[in-house]
Every structure is written in C-alpha cells, then in structure tokens.
Amino acid sequence: MTAGSVLAGAAHPVAEGLLLRPFRDEDAPALIEAYRDETLRHFTLNPVDDAEQAAHWLGLQYRGWEQGSRYSFAVLEPDTGALVANVALKRATPGGPAAEVGYWTAAPARGRGVAPRAVEALTAWAFDTFAAEGLVRIDLLHQVDNLASCRVAEKSGYAFRELLTALPPEFPLDGHRHSRHRPAKPAGRHC
C-alpha cells in the first residue's frame, strides 16, 4: 500500500478524541521518534531506529492489510496529527474465530487514556467488520511485568482468562491472556 492508497472494506475504527487510520509512509519520522522511548523498546521485539527500519516496519503493516492477517492503525491526535499510539488486530488465521489485539502508546501520550480508547475502538470495529467471517473472540496478551497493559485490558473490558507460560524469545516472561467475546445480538432480533 502506498501513502495515497484507499482501503476497501469496512469503515475505520472511531475513538473519542482520537483519529485512527492505516499507517502511511510519512509516519516514518514519528515512528522513529516513538521508538526512542526505552519503555516501548522493552516491550517490543522489533525497535525502529532509522529510516530503513521504519520502511521495513511500515512494509510489514501494508502486507498485513493485503494478506488479511494484520490491521494496524496509526492513532493520532486529531488537532495536531501527532502519532500517539499504534493499535492492531492480528489474525493468525484470517476467517477464524479468534484474533489478538496489540498496541503501544508513545511516551508523551501515556496516562491520558489513549490506549483504552484505541483498543475499545479497534475491538468494536473488528467485531463489526469480521462477524460474518466468524470472529467471536479477541485476546489481549501481555507479560506479567507490563502492569500498564493489564490496566488497559481491564479498562477496555478484556477479562483476565489465564496465566501464560513464557515462550522466549517472543514472549520472554510469563504473561496474561485477557479476552473479549463478540456481543450477542439483542433478544428478539433474528436478523
């Protein structure tokens, strides 16, 4: 996908006070800046240090959209256009019953409720967009040392389900699995 591409399909997620849209090539400098934060680097596998790594990271996001395996959104402040977060729906098996939400928040935006609002918007969008394909559950995984992600899960309505065993190198410490299930249709409605 190029910077001017228009995506076919369902509308993009909507979060109060935030703009969510697919990443674009011009987001590279903001990605590099966001990844200078040591906390973000601690919890991500592939830091972005320069223009080449940013282009690679963006290419992975574009391919995810094309393959239907990863729908990654830049989360921006609508007034300034500043990149404040990333939120993504990861579908290891497109068309399957489960997916995973992933996210990060840029250091200057932490503590302002950005991640819970972005996760909530993505969750609603995913269930609306992929219900016909059978999506019924979205998981949120985090390492046990990531207390902020545990709070995001709780604020976003993702209930704790189980303790996960570490799987190095991708998941070096034990973790939590939180989940949300697609809301049932209201009683009395059959269509």
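The values are calculated or read from the model by the stated rules, or taken from the named source; none is laboratory data. Everything numeric here is computed off the predicted structure, so don't read it as measured data. Using ideal geometry, Cβ is built from the backbone for each residue, glycine included, and neighbour counts are taken over all protein chains shown.
Does the range 46-80 hold any residues that are in contact (Cβ under 8 Å) with a residue 12 or more places away in the chain and assigned to a loop (DSSP other than H, G, I, E, B), and which are they?
Once the filter is applied, which keeps residues that are in contact (Cβ under 8 Å) with a residue 12 or more places away in the chain and assigned to a loop (DSSP other than H, G, I, E, B), the range 46-80 yields 47, 48, 49, 50, 68, 69, 77, 78.
Checking residue 132 against (1) modelled with pLDDT of 95 or more; (2) out of contact with any strand residue (DSSP E or B) (no Cβ under 8 Å at 6 or more places or on another chain); (3) surrounded by fewer than 15 Cβ atoms within 10 Å (Cβ to Cβ): exactly one of these is not met. Which one?
Checking residue 132 against (1) modelled with pLDDT of 95 or more; (2) out of contact with any strand residue (DSSP E or B) (no Cβ under 8 Å at 6 or more places or on another chain); (3) surrounded by fewer than 15 Cβ atoms within 10 Å (Cβ to Cβ), the one that fails is (1).
Please verify whether the range 136-155 includes one or more residues that are in contact with a strand residue (DSSP E or B) (Cβ under 8 Å, 6 or more places away or on another chain) and of a type in the set (Ser, Thr, Tyr).
Within the range 136-155 (the criterion being in contact with a strand residue (DSSP E or B) (Cβ under 8 Å, 6 or more places away or on another chain) and of a type in the set (Ser, Thr, Tyr)), the answer is yes, since at least one residue qualifies.
Within the range 30-60, how many residues are over 16 Å from residue 143 (Cβ atoms) and among the β-branched types (Val, Ile, Thr)?
So the count comes out to 2.
What is the residue count in the range 111-142 for residues that are touching a residue at least 24 places away in the same chain (Cβ under 8 Å), more than 14 Å from residue 18 (Cβ to Cβ) and either of a type outside the set (Val, Ile, Thr) or not in a helix (DSSP H, G or I) (or both)?
15
Please work out which one of (1) more than 13 Å from the chain's Cα centre (by Cα); (2) not in a helix (DSSP H, G or I) is the condition residue 108 fails and give its number.
Result: residue 108 fails condition (2) only.
From 116, 94, 172, 108, which residue is of a type outside the set (A, V, I, L, M, F, W, C), modelled with pLDDT under 95 and within 24 Å of residue 35 (Cβ to Cβ)?
After applying the criteria, what remains is 172.
Got a number for residues in the range 4-29 being modelled with pLDDT under 60 and exposed (fewer than 11 other Cβ atoms within 10 Å of the Cβ)?
Residues that pass the stated criteria total 5.
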